[in-house]
Amino acid sequence: MSEVSFYFDFSSPYGYLAAERMEEFESRVGVTVIWRPFMIGAAFKQTGQSPLLSQPIRGKYFRHDMERCARLQGTPFNIPQNFPYSALVPTRAFYWLESRSPSLARRFAKDIYRGYFADGLDMADPENVFAAATRHSINPGEMRQAVESPRWKQRTREITDEAIAIGAFGSPFFFYEDEPFFGNDRLDQLEQWISLRRSTSDS
């Protein structure tokens with residue numbers, strides 16, 4: 001199966017909405033989606049961007065748009081009180097889990113997203129991240145050690161550098177055969193592009 005790379009930040013509302021669509025998208029389109037959380041703050045430093053809700057004029061629109069998109073998608077959503085946050089702990093934890101079980105890492109990622117955007121949990125507090133681990137029969141003590149491990153710190157830096165190098169300046173960002181698509185609202189276009197590429201290669 002062909003692959004789609006899915007870059008996202010755990011504090012991204014649109015990344016959350018995309019994550020909720022990934023399993024159905026993967027099954028319908030017939031692709032393998034590779035989940036790649038990264039630290040969007042590092043990208044913002046290079047682009048000069050700031051978090052959406054802190055931007056004059058644009059912030060008010062995007063708050064409304066996030067809520068509208070979630071409602072149309074049928075996904076529970078609330079702007080968290082502590083928004084945005086630096087998602088180092090869940091990102092490192094994801095890569096540690098992925099080394100053991102990619103499917104478990106994806107389930108954990110969705111749990112982190114839902115806890116933050118649906119249940120109002122402060123995921124900047126590592127204890128809430130470790131609590132999510134227990135819901136998936138993951139040893140929270142092992143996760144505590146993993147997020148402080150140089151290996152997973154380095155992995156997070158590498159993926160973040162990789163994301164920026166290939167042009168991922170926001171979340172969610174998708175790549176299919178080097179073709180970039182930015183935003184949850186580009187998933188339909190991505191699907192059309194994949195279909196086009198397949199038909200071209202078959203002709």
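The values are calculated or read from the model by the stated rules, or taken from the named source; none is laboratory data. What you see is a predicted model, and the numbers here were worked out from it, not measured in a lab. Quick reminder, even Gly has a Cβ in these numbers, built from the backbone with ideal geometry, and neighbours come from all protein chains shown. Note: accessible area is taken over every heavy atom of the protein model, side chains too, but ligands, DNA and RNA are not part of it. Shrake-Rupley method; radii C 1.70, N 1.55, O 1.52, S 1.80 Å.
Once backbone amide H atoms are built at 1.01 Å from N, residue 20 has no partners under 5 Å, excluding neighbours fewer than 5 places away on the same chain. For the listed peptides 90-103, 45-58, 178-191, 22-35, a ranking on the average number of other beta carbons within 10 Å per residue, highest first, reads 90-103, 178-191, 22-35, 45-58.
Near residue 45, once Lys and Arg are set to +1 and Asp and Glu to -1 for all other residues with Cβ below 14 Å from its Cβ, the sum equals -1.
Take the Cβ atoms of residue 65 and residue 44, set R0 to 22 Å, and the FRET efficiency comes out at 0.70.
Computed extension length for residue 189-residue 34: 54.0 nm, one decimal, from 0.36 nm per residue of separation with the Cα-Cα distance subtracted. Taking amide hydrogens as placed 1.01 Å from N in the peptide plane, the amide H of residue 10 sits under 5 Å from those of 38, each at least 5 positions away in sequence or on another chain.
Residues in segment 142-152 carry Karplus couplings, in order, of 5, 5, 4, 5, 5, 6, 9, 6, x, 4, 7 Hz; the curve used is 6.51 cos²θ - 1.76 cosθ + 1.60 with θ = phi - 60°, and Gly or Pro positions show x. The dipole here belongs to segment 4-64: it is taken about the Cα centre, uses +1 on the Cβ of Lys and Arg and -1 on the Cβ of Asp and Glu, and is about 360 debye. Applied to segment 59-66, the Karplus parametrisation 6.51 cos²θ - 1.76 cosθ + 1.60 on θ = phi - 60° returns per-residue 3J(HN,Hα) values of x, 5, 5, 5, 4, 5, 5, 4 Hz, with x for Gly and Pro. Ranking 123, 138, 61 by how far each Cα lies toward the positive end of the dipole of segment 17-154 (charges on Cβ) leaves 61 at the top. First measure r as the distance between the Cβ atoms of residue 26 and residue 54, then evaluate 1/(1 + (r/R0)^6) with R0 = 30 Å and state the FRET efficiency to the nearest 0.05. Step by step, r from the Cβ atoms, then E = 0.35.
Computed 3J(HN,Hα) for segment 41-54, one whole-Hz value per residue from the Karplus formula 6.51 cos²θ - 1.76 cosθ + 1.60 where θ = phi - 60°, is x, 5, 5, 4, 4, 8, 8, x, 7, 9, x, 3, 6, 8, glycine and proline marked x. With protein chains left intact and a 1.4 Å probe, residues in segment 1-103 average 49 Å² of accessible area per residue.
The distance linking segment 116-146 with segment 67-107 is 11 Å (Cα centroid to Cα centroid, whole angstrom).
Taking every alpha-carbon pair in segment 32-186 and binning the separations at 5 Å intervals from zero gives 2, 8, 16, 20, 22, 18, 10, 4, 0 percent. If the segment from residue 131 to residue 86 were pulled out straight at 0.36 nm per residue, it would be longer than the present Cα-Cα gap by 14.4 nm. Estimated from helical segments only, the mean residue ellipticity of the chain at 222 nm is -17500 deg cm²/dmol, where each DSSP H run of four or more residues counts as -39500 (n - 2.57). Ordering 8, 180, 102 by Cα displacement along the dipole of the chain toward the positive end leaves 8 in first place; charges were set at the Cβ atoms of Lys, Arg (+1) and Asp, Glu (-1).
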